[in-house]
1. Taking into account only those residues within region 20-51 that are among the hydrophobic types (A, V, I, L, M, F, W, C) and surrounded by 11 or more Cβ atoms within 10 Å (Cβ to Cβ), which is farthest from the chain's Cα centre (by Cα)?
2. Of everything in region 32-50, what is of a type outside the set (D, E, K, R) and closer than 20 Å to S10 by Cα? Give them in sequence order.
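What follows is calculated from the coordinates using simple rules that are stated; it is not laboratory data. Computed from a prediction, not measured in an experiment: that's the story for all the values here. As a convention, Cβ positions derive from the backbone with ideal geometry for all residues, glycine included, and neighbour counts pool all protein chains shown.
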Amino acid sequence: IPSVSEKVLSQVLRQLAADGIIRRELFQDVPPRTEYSVTEFGKTLLPHVEALLNWGRENFERIMENRKNVK
């Protein structure tokens, strides 16, 4: 997501980890790094995310046209 700030991304990732949707693993490498992965609980969201993506693809032109009409 090009427009998201590092601060906002960090906050969202920490909340998703707190919710149990993703796993956050810290490594004490130099420099330190963090890896994220989807938990089994998080994987239950995938069909819903895919359905939302499909809806967006199917309605993309209409959405873009509606945006033009607002401006």
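1. First, pick out the residues of region 20-51 that are among the hydrophobic types (A, V, I, L, M, F, W, C): 21-22, 26-27, 30, 38, 41, 45-46, 49, 51.
With surrounded by 11 or more Cβ atoms within 10 Å (Cβ to Cβ) added as a condition, the list becomes 21-22, 38, 41, 45.
Numbers: I21: 11, I22: 10, V38: 11, F41: 15, L45: 11 Å.
Going through the qualifying residues, I end up with F41.
2. Of all residues in region 32-50, those of a type outside the set (D, E, K, R) come to 32, 34, 36-39, 41-42, 44-49.
Of everything in region 32-50, those that are of a type outside the set (D, E, K, R) and closer than 20 Å to S10 by Cα turn out to be P32, T34, Y36, S37, V38, T39, G42.
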